[in-house]
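Data first, discussion second: the structure below is written as structure tokens.
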Amino acid sequence: MPATVIVGLQWGDEGKGKTTDFLAEQVSTVVRYQGGDNAGHTIVIGDDTFKLHLVPSGVLYPHIAPVIGPGVVVNPATLIRELDGLIARGINVSKVRVSHAAHLILPYHPAIDRAREARLAGAKVGTTQRGIGPAYEDRAARLGLRVEDLLDPASAATRLARVLPEKRALLAALGDTNPGEAVDEVAIAALIAAWGERLRPHIADATDLVQRALDAGEHILLEGAQGTLLDLDHGSYPFVTSSNPIAGGATTGGGVAPLQIDEVMGVMKAYATRVGSGPFTTELTDATGERIATEGNEVGTTTGRRRRVGWNDAVPLRYAVRLNGVSSIMLNKLDILSGLPEVLLCVAYEIDGKRVDRWPASGAELARATPIYERFEGWSEPISGARRMNDLPGAAQRYVAALEEAAGAPIVLLSVGPERSQTIERALRRRRAGGR
Ligand code: IMP
């Protein structure tokens, strides 16, 4: 019953979509376990680029069952748009399943997200404004509607009638006095009925499905969205998302038990990026940052926002490896650093005049940290054609070795370009019984 968790070790956008897609050949089921359409996974196959927000990237393989687990917040409009877009491109989506227990993002959730961010002004989180936080709030408050409610419009209508007055009052208090259809009972009820009809064949008991697959000895991949440093409990609060992207989140959100997970693959980029507000100790605001952002096409898949860029940081990397119990790492976008005269790696912080090796528990402490760098010679050659470690220039190999040493976990996959084929497999990964 092997299960692998794919988890982001930074602030999201580490290239988890490519990792999942690369490993997908070996597995029968790919499960999303948290987040919603705030995520954006880009997969490049030949001349085709697929951008997915909700449907797990395994959908591109006919043998895979892509599952949206109970821990995900689902905007049905996005899900339907994505399914239709995939169908239009000839992809078979009949195996896509969405948990009956996943919570819905309804029109008032993005409206609340936007209104709250507008009020926070200078202190805003910089959310994707997809309604993620407000939907998770309703889940915790036991006010949310779930995917199963799409199949029972009468019960959905009762629950809506109960919740809408509260939403109207909240929006008014947040300064949105004209929320229109976002809180229109009739309009939302009509949407629910239509969404239910369209999604009916895809709604399932996802936990049972996952457990049956594990019982049958099949290999499951649990696909995290966002990253460790955006984790609600373990990230740089309050500049975090409202779910648990860490590997532990795969148990609650994906419906697997801790001991059913036997591999945690951490994913990171050769450098760091962050979207939205919050401390970013190694941020580069100079020409080097500009160059990395441009070469790396660091623009958000979901919002189109330019990502902030910086050097890789071993301090949160060590923290993320421990917290997630990472057993192996995929390093992405090493090719983007080609042509830089030198590459820096932050190895510790200076906080209030003291050297600190540990990720600070408090956001205020983190905000006062300045980076202590180790400097590495750069390499000028393009490396996109490299397929073995020895194909890389010595300087690139030394940088990879330093990252691996800092992380304390083996880098087994190394990506040198967006395509599936542009990947160096460093160590032979175990092939499991029941997988492909
Ligand atoms: P939310 O998830 O939309 O509430 O946004 C909270 C924070 O997480 C913001 O800083 C977002 O920019 C960030 N965030 C959310 N989803 C992603 C993602 O998929 N990649 C990178 N950052 C994200």
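Cβ-Cβ distances below 6 Å connect the following pairs, each with a first residue in the stretch 274-293 that is within 28 Å of residue 120 (Cα to Cα), a second residue that is part of a loop (DSSP other than H, G, I, E, B) and away from the ligand (no atom under 14 Å from the Cβ), and a separation of six or more residues or different chains: 281/369; 282/311. Whether any residue in the stretch 45-63 is part of a strand (DSSP E or B), within 14 Å of the ligand (Cβ to nearest atom) and not basic (Lys, Arg) is what I want to check. Yes; the residues of the stretch 45-63 include at least one that is part of a strand (DSSP E or B), within 14 Å of the ligand (Cβ to nearest atom) and not basic (Lys, Arg). So is residue 147 in the same structural domain as residue 34 (by TED's automatic domain parsing), touching a strand residue (DSSP E or B) at 6+ places or on another chain (Cβ under 9 Å) and either crowded, with 18+ Cβ neighbours inside 10 Å or on the phi < 0 side of the Ramachandran plot (or both) or not? The answer is no for residue 147. For the residues 350, 342, 365, 374, the requirement of being among the acidic types (Asp, Glu) and modelled with pLDDT under 95 singles out 365. Of the residues in the stretch 336-343, not one is within 16 Å of the ligand (Cβ to nearest atom), hydrophobic (A, V, I, L, M, F, W, C) and surrounded by fewer than 22 Cβ atoms within 10 Å (Cβ to Cβ).
Report the residue count in the stretch 167-186 for those that are of a type in the set (A, V, I, L, M, F, W, C) and surrounded by 13 or more Cβ atoms within 10 Å (Cβ to Cβ).
Qualifying residue count for the region: 6.
Among the listed residues 130, 162, 116, identify the single one that is surrounded by 17 or more Cβ atoms within 10 Å (Cβ to Cβ), assigned to a helix (DSSP H, G or I) and basic (Lys, Arg). It is 116. Criterion applied to 321, 343, 326 was being assigned to a helix (DSSP H, G or I) and either β-branched (Val, Ile, Thr) or touching a His at 6+ places or on another chain (Cβ under 9 Å) (or both), and the one residue passing it is 321.
Is there a residue being polar (S, T, N, Q), assigned by TED's automatic domain parsing to the domain that holds residue 13 and at pLDDT 95 or above anywhere in the stretch 300-308?
Within the stretch 300-308, the subset polar (S, T, N, Q) is 301-303.
Those still in the list that are assigned by TED's automatic domain parsing to the domain that holds residue 13 too: 301-303.
Filter once more, keeping what is at pLDDT 95 or above: none.
No: zero hits.
Residue-wise test of (1) in contact with a Gly (Cβ under 6 Å, 6 or more places away or on another chain); (2) of a type in the set (Phe, Trp, Tyr); (3) at pLDDT 95 or above; (4) outside any helix (DSSP H, G or I).
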site: 73; (1), (2), (3), (4): yes, no, yes, yes
site: 79; (1), (2), (3), (4): no, no, yes, no
site: 110; (1), (2), (3), (4): yes, no, yes, no
site: 138; (1), (2), (3), (4): yes, no, yes, no
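All conditions in (1) of a type outside the set (Asp, Glu); (2) within 29 Å of residue 386 (Cβ to Cβ); (3) surrounded by fewer than 22 Cβ atoms within 10 Å (Cβ to Cβ); (4) touching a strand residue (DSSP E or B) at 6+ places or on another chain (Cβ under 9 Å) hold for residue 269, with the sole exception of (3). The set of residues in the stretch 364-385 that are farther than 30 Å from residue 235 by Cβ and under 27 Å from the mean Cα position of the chain (by Cα) comprises 383, 384. When you scan the stretch 75-96, do you find a residue that is within 30 Å of residue 271 (Cα to Cα), in contact with a helix residue (DSSP H, G or I) (Cβ under 7 Å, 6 or more places away or on another chain) and either in the same structural domain as residue 232 (by TED's automatic domain parsing) or not acidic (Asp, Glu) (or both), even just one? No: zero hits. On the stretch given as the stretch 29-42, residues that are surrounded by 22 or more Cβ atoms within 10 Å (Cβ to Cβ) and either assigned to a loop (DSSP other than H, G, I, E, B) or at pLDDT below 95 (or both) total 7.
Against the criterion of being of a type in the set (A, V, I, L, M) and either more than 24 Å from residue 72 (Cβ to Cβ) or in the same structural domain as residue 84 (by TED's automatic domain parsing) (or both), residue 193 does not qualify. Of all residues in the stretch 279-300, those satisfying the criterion of being β-branched (Val, Ile, Thr) and either in a strand (DSSP E or B) or crowded, with 16+ Cβ neighbours inside 10 Å (or both) are 281, 282, 288, 292, 299.
Table: residues versus (1) in contact (Cβ under 8 Å) with a residue 40 or more places away in the chain; (2) among the acidic types (Asp, Glu); (3) more than 30 Å from residue 274 (Cβ to Cβ).
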position: 155; (1), (2), (3): no, no, yes
position: 163; (1), (2), (3): no, no, yes
position: 186; (1), (2), (3): no, no, yes
position: 213; (1), (2), (3): yes, no, yes
position: 233; (1), (2), (3): no, yes, no
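Of the residues making up the stretch 249-269, just one is in contact (Cβ under 8 Å) with a residue 40 or more places away in the chain and over 23 Å from residue 24 (Cβ atoms), namely 252. Does residue 206 satisfy the criteria of being more than 16 Å from the ligand (Cβ to nearest atom), under 28 Å from residue 301 (Cα atoms), surrounded by 16 or more Cβ atoms within 10 Å (Cβ to Cβ) and not aromatic (Phe, Trp, Tyr)? Answer is yes for this residue. Within the stretch 285-300, identify whether any single residue is basic (Lys, Arg) and over 22 Å from the mean Cα position of the chain (by Cα), and answer yes or no. Yes; the residues of the stretch 285-300 include at least one that is basic (Lys, Arg) and over 22 Å from the mean Cα position of the chain (by Cα).
Residues that are crowded, with 19+ Cβ neighbours inside 10 Å and among the hydrophobic types (A, V, I, L, M, F, W, C) within the stretch 411-426 comprise 411, 413, 414, 416, 424, listed in sequence order.
The values are calculated or read from the model by the stated rules, or taken from the named source; none is laboratory data. No experiment lies behind these values; they were computed from the predicted model shown. Cβ coordinates were reconstructed from backbone atoms using ideal geometry, including for glycine residues, and neighbour counts include every protein chain displayed.
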